[in-house]
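Since every read-out is calculated from the coordinates, none of them should be taken as a lab result. Predicted model only: the values in this text are computed from it and were never measured. Cβ placement follows ideal geometry from the backbone for every residue including glycine, while neighbour counts extend to all protein chains displayed.
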Amino acid sequence: MIKSLLRFVIAVIFILSGFVKAVDLVGFSFKMEEYFSPSVFNMPFLEKFALLFSVIVVVLELLLGFMLLLKLRLKFTLSALIALCIFFGFLTFYSAYFNVVTDCGCFGDAIKFTPWQSFIKDVVLLTGLIVVLILYRKEFKKKDAYSADAQEKPANRFKYILLAVFSAVMIGIGTYGIIKEPVIDFRDYKIGTDLKAEKEKINKNPSEYKTFYTLKNQKTGEVLKVNQDDYIKETKYWAEGSPWKIEEGKNESVLVKEGYKSEIVKFKIEDPTGMEFTEEVINAPKAILVFSYHPKEVSPELLKQVEAKAKNQGANVVYGVSTDPNTFKNIKNMMMDGTAIKTIARSNPFVLVLQNGKITDKQPAKDYVN
């Protein structure tokens with residue numbers, strides 16, 4: 001019973017992890033792009049294949065997790081999952097140790113893990129898989145470890161039918177998320193979110209950071225890390241003639257108090273000159289925003305159609321928001337960080353409708369104009 005329970009728990013974890021990513025494959029591909037970026041593994045030539053790699057990883061998680069649940073080809077399934085866990089463990093350890101990818105996307109936007117939490121999760125799963133492999137080792141000696149005998153064929157056939165149905169459903173969910181938007185929205189920008197209320201919560205309980213200076217004694221060569229408060233208090237660090245000098249480029253900003261956590265903190269709309277218009281947008285009775293995180297990849301004809309429709313909807317505010325100040329021709333151009341835009345929605349371009357700061361509609365531009 002213990003080995004069956006452990007197998008069930010591990011299988012469910014892999015299925016849930018795969019499901020959350022399958023719902024939002026485009027979002028997971030953004031995470032893969034981070035790993036391929038110059039600042040991490042420096043393989044930018046693979047960024048264009050990020051979605052393909054995302055699909056492969058999710059398919060493996062889902063299929064192997066479901067096969068483990070059904071106890072199908074158990075030795076092969078466990079061996080493959082152990083290999084997958086080792087691969088994930090390497091990625092999460094690298095992210096944690098070098099502090100490069102701050103969220104591995106293991107459970108998408110549904111559950112956030114720090115890099116070290118992700119690594120610990122992978123180690124626990126790997127340990128559990130090895131234990132299950134040991135507990136079932138006697139069964140692998142039988143002929144039916146890889147194939148069923150005559151009496152078991154009907155039961156195995158039913159399991160394969162379940163696996164096929166499960167695969168078809170997951171393919172449908174994943175495809176819908178790629179073509180349109182995720183079937184289930186786990187992001188902070190889901191329809192019904194009140195951006196104004198979220199901004200107020202963030203302002204009332206902000207995260208606090210302190211700057212730590214790296215100081216080097218020019219006489220002794222001693223190196224110290226000192227936080228900004230202690231640096232100001234201790235005149236010996238900055239008084240005239242002090243041997244202590246700040247090492248350029250080695251200052252660190254460290255979180256000392258966790259405030260209200262929300263991706264809405266990144267919702268900041270500016271004009272090309274840097275003037276902020278966020279308050280105007282979230283306080284407008286009705287605002288229609290057309291977003292694009294890769295404006296050069298968007299059809300000019302589609303932009304023309306969506307701009308024309310947005311202007312005719314009687315909104316108080318109609319802005320085009322992108323990473324390029326010359327993207328939109330018939331509505332006012334605004335700017336936002338590309339990563340922040342990707343957090344709001346996955347389509348490129350997409351339309352966001354706000355009423356007094358509350359998200360009332362969000363859809364791909366192609367759907368909006370049809």
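Remarks
- Rg and Dmax, both from the Cα atoms of the range 1-131 and both in Å, are 14.6, 48.
- Each of K180 and E208 was given a label point 7 Å from its Cα along the Cα-to-Cβ line. The distance between the two points is 4.6 nm.
- Over all projection directions, the Cα-based convex hull of the chain averages an area of 25.7 nm².
- Altogether, the Stokes-Einstein calculation at 20 °C and 1.002 mPa s, with the Kirkwood radius of the range 303-370 over Cα pairs as Rh, returns a diffusion coefficient of 173 µm²/s.
- Beta bridge orientation in the chain: antiparallel %, DSSP, nearest 5: 75
- Dipole of the range 226-291, positive direction: furthest Cα of I264, N283, S242, with charges on the beta-carbon: I264
- J(HN,Hα) series, the range 65-75, from Karplus relation 6.51 cos²θ - 1.76 cosθ + 1.60, nearest Hz, glycine and proline x: x, 6, 5, 5, 4, 7, 6, 9, 6, 4, 5
- One decimal place: the segment L162-L224 gains 16.2 nm when fully extended, by the rule 0.36 nm per residue minus the C-alpha distance.
- Contour excess over end-to-end distance, with Cα ends at V100 and M275 and 0.36 nm allotted per residue: 59.9 nm
- The reciprocal of the average 1/r between distinct C-alpha atoms defines the Kirkwood hydrodynamic radius, which for the range 150-262 equals 20.4 Å.
- Whole-Å distance, taken between Cα centres, linking the range 177-211 and the range 290-328: 22
- D_trans [Stokes-Einstein, Kirkwood Rh over alpha-carbon pairs] for the range 19-71, 20 °C, 1.002 mPa s, µm² s⁻¹: 183
- Applying the Karplus relation 6.51 cos²θ - 1.76 cosθ + 1.60 with θ = phi - 60° to the range 20-35 yields 3J(HN,Hα) values of 4, 6, 5, 4, 10, 5, 5, x, 5, 5, 4, 5, 5, 4, 4, 5 Hz, where x marks Gly and Pro.
- Net dipole in debye of the range 1-131 [+1 Lys, Arg Cβ; -1 Asp, Glu Cβ; about Cα centre; nearest 20]: 620
- Computed extension length for I246-N42: 70.4 nm, one decimal, from 0.36 nm per residue of separation with the Cα-Cα distance subtracted.
- Relative packing of peptides 318-325, 232-239, 113-120 - highest average C-beta neighbours within 10 Å first: 318-325, 113-120, 232-239
- For Y209, residues with placed amide H under 5 Å, excluding near neighbours: V256
- Distant-in-sequence amide contacts of V318, defined by a placed amide H-H separation under 5 Å and a gap of 5 or more residues or a different chain, comprise I288.
- Cα-derived Rg over Rh, computed across the range 237-370 with Rh taken as Kirkwood radius: 1.17
- Unit charges on C-beta of K, R, D, E only; dipole of the chain, Debye: 1500
- 5 angstrom amide H check on I331, placed H, neighbours 5+ away: none
- Taking 7 Å steps out from each Cα toward its Cβ at E200 and K138 produces label points 6.4 nm apart.
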